[in-house]
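Here is the structure we will look at.
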Amino acid sequence: MLDALSYTFMQNAVIAGVLVSIISGIIGSLVVVNRMVFLAGGIAHSAYGGIGVSIYFSLPMLLSTSVFSIIVALFISVITYKNRQKLDTIIGLTWAIGMSFGILLVDLTPGYNADLISYLFGSILAVNSSDIIFMAIILFLIVLILGLFYRDILAVSYDNAYAKIRGVKTRLFYTIILLMASLSIVIAIKIVGLILVIALLSIPTFIAEKFSDSLLGMMIHASLFSMFFTLMGLGLSYTYDLSSGPSIILISSVSMITVIIFEKLRKRKIFKNTN
């Protein structure tokens, strides 16, 4: 694996993997705490519309997909903030329209016969320097927003009603969390694809919850776990010539199952000792 780092594409993949791991650890924690996993899934699949736009108009994929996902996130925020009971319906609607729109644009693109599997399952080895710069900018913005408004975001995430009483602009921060999630999802699609992106956001966070007693701690642990899974999956894919996205998620899933089994065995042992 170390000899592979002499190649530029592998260096880019490692840097991108680290950046996306930190982003997914932070945003994954917010998504899980705010119970937005299904919502994030809707944004991820509707983002295919942005991919279609980028292919049809020959635009940069990350930029066009980010703009498209931001529009979707704003639409969801406006419709669902006061009507959470409509959330499932709206997500299903944006999911279907976004994917259908993207697929039709790809079909209408003259002479486009590229394999779309990379968008479904990721292509970390195809990351270039401009992609890395975009990821670094998004990470900087996320860290900046958290640094400035951490207490407000924390209040909105754990007790929206209490935050509103405190005078926190809950609707604004609900929208901000959605926008950060949409941008993070777009970036993660580049690594593991839109089908597996929710696993990248939720699995490290699920494990991080076992070792954390605060939102900040969860973000840090989730970022570290995500980084470990990404680098291990990248190494596995390079060594055995496998798809990188599924390899990363496989490592993550096996780790999560191991944690679940270990936790059950530990609880059973404690229960037996108490009796």
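The values are calculated or read from the model by the stated rules, or taken from the named source; none is laboratory data. In this text the structure is predicted, and so the values were computed from the model without any measurement. Quick reminder, even Gly has a Cβ in these numbers, built from the backbone with ideal geometry, and neighbours come from all protein chains shown. Keep in mind that these areas ignore ligands, DNA and RNA; they rest on the heavy atoms of the full protein, side chains included. Shrake-Rupley method; radii C 1.70, N 1.55, O 1.52, S 1.80 Å.
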### Summary
Checked the stretch 181-194 for anything open to solvent by less than 10 Å² (accessible area, probe 1.4 Å) and closer than 10 Å to Ile23 by Cα; matches are Ala181, Ser184, Ile185, Ile187, Ala188
### Task
Look through the stretch 163-180, keep the residues that are among the aliphatic types (A, V, I, L, M) and within 20 Å of Ile76 (Cα to Cα), and return whichever of them is most open to solvent (accessible area, probe 1.4 Å).
Leu172
### Task
Any chance you could count how many residues in the stretch 53-79 are over 20 Å from the mean Cα position of the chain (by Cα) and touching a residue at least 12 places away in the same chain (Cβ under 8 Å)?
3
## Note on the structure
Of the residues in the stretch 13-59 that are open to solvent by 10 Å² or more (accessible area, probe 1.4 Å) and among the polar types (S, T, N, Q), the one that is nearest to Leu125 (Cα to Cα) is Ser58
### Message
Tell me the residue from Gly42, Gly49 that is assigned to a helix (DSSP H, G or I), in contact with a Gly (Cβ under 6 Å, 6 or more places away or on another chain) and touching a residue at least 12 places away in the same chain (Cβ under 8 Å), please.
### Response
Gly49
### Message
I want to confirm something. Restricting to the stretch 62-94 and keeping residues that are under 26 Å from Ala126 (Cβ atoms) and buried (at least 19 other Cβ atoms within 10 Å of the Cβ), which single residue is modelled with the lowest pLDDT?
### Response
Leu62
### Task
Go through the stretch 100-159 residue by residue and tally those that are more than 24 Å from Leu231 (Cβ to Cβ) and not in a helix (DSSP H, G or I).
9
### Task
Name every residue in the stretch 240-275 that is in contact with a helix residue (DSSP H, G or I) (Cβ under 9 Å, 6 or more places away or on another chain), more than 15 Å from Phe206 (Cα to Cα) and among the β-branched types (Val, Ile, Thr), in order of residue number.
Ile248
### Task
Six or more apart or on different chains, Cβ under 6 Å: which pairs go from a residue in the stretch 249-272 that's free of Cβ contacts under 8 Å to residues at least 40 places away in the same chain to one that's open to solvent by less than 40 Å² (accessible area, probe 1.4 Å) and part of a helix (DSSP H, G or I)? Could you list them?
Ile251/Phe229; Ile251/Gly233
### Message
Scan the stretch 225-242 and tell me whether some residue there is over 23 Å from Ile195 (Cα atoms), open to solvent by 60 Å² or more (accessible area, probe 1.4 Å) and either touching a residue at least 40 places away in the same chain (Cβ under 8 Å) or in contact with a Cys (Cβ under 6 Å, 6 or more places away or on another chain) (or both).
### Response
yes
#### Entry: Of the criteria (1) modelled with pLDDT under 90; (2) farther than 15 Å from Ile251 by Cβ; (3) open to solvent by less than 30 Å² (accessible area, probe 1.4 Å), which one Asn160 fails
(3)
